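What follows is a short report on a single structure.
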Amino acid sequence: MTHGALLIADARGQVGDYLGTLLNIYVLLIFVHILSSLFFSFGGRVPYNRVLNAVLEFLRQVCEPYLRIFRRFIPPLGPLDLSPLVAILVLTIGGGIVVNLIRG
């Protein structure tokens, strides 16, 4: 291999690693959003806190647009909403495929 080809391969690997890390962070944010939603749906209450409210609003604004895509097609089963589980599976599997394609 030439020096240029090695640089391109290294850059592709780094871009793939970066994208994989971003996908993992997004899955983590969705998971935290699900846990916070469950906490409040079971009657959990916390005292007013500006920082906590900002974090919860951030999670809602970041996660809800993606989750809404799946909520259109997957109806809730009583009180149980399976759309976040499907959304995480699609993100993990689809993201893994894209990352592997980028890495080569």
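The values are calculated or read from the model by the stated rules, or taken from the named source; none is laboratory data. Just so you know, these numbers come straight off a predicted model, no measurement behind them. Reconstructed Cβ throughout: ideal geometry from the backbone, glycine too, with neighbour counts over all protein chains shown.
Count, please, the residues in segment 67-104 that happen to be among the hydrophobic types (A, V, I, L, M, F, W, C) and without any contact (Cβ under 8 Å) to a residue 24 or more places away in the chain.
Residues flagged as among the hydrophobic types (A, V, I, L, M, F, W, C) and without any contact (Cβ under 8 Å) to a residue 24 or more places away in the chain within segment 67-104 amount to 14.
Please go through segment 36-49 and give me each residue that is surrounded by fewer than 11 Cβ atoms within 10 Å (Cβ to Cβ) and not in a loop (DSSP other than H, G, I, E, B), ordered by number.
Start the filter on segment 36-49 by keeping residues that are surrounded by fewer than 11 Cβ atoms within 10 Å (Cβ to Cβ), which leaves 41-45, 47-49.
Hit for segment 36-49 is S41, nothing else.
With respect to F58, determine if the residue is outside any helix (DSSP H, G or I), of a type in the set (A, V, I, L, M, F, W, C) and modelled with pLDDT of 90 or more.
It is false that F58 is outside any helix (DSSP H, G or I), of a type in the set (A, V, I, L, M, F, W, C) and modelled with pLDDT of 90 or more.
Among (1) in contact with a helix residue (DSSP H, G or I) (Cβ under 8 Å, 6 or more places away or on another chain); (2) hydrophobic (A, V, I, L, M, F, W, C); (3) closer than 15 Å to G104 by Cβ, where does A5 come up short?
Every listed condition holds for A5 apart from (1).
If we keep just the residues of segment 59-103 that are among the hydrophobic types (A, V, I, L, M, F, W, C) and more than 21 Å from V32 (Cβ to Cβ), which is surrounded by the most Cβ atoms within 10 Å (Cβ to Cβ)?
Top of the filtered list is V99.
Of the residues that make up segment 72-85, is at least one outside any loop (DSSP other than H, G, I, E, B) and in contact with a helix residue (DSSP H, G or I) (Cβ under 8 Å, 6 or more places away or on another chain)?
So far as segment 72-85 goes, yes, one or more of its residues are outside any loop (DSSP other than H, G, I, E, B) and in contact with a helix residue (DSSP H, G or I) (Cβ under 8 Å, 6 or more places away or on another chain).
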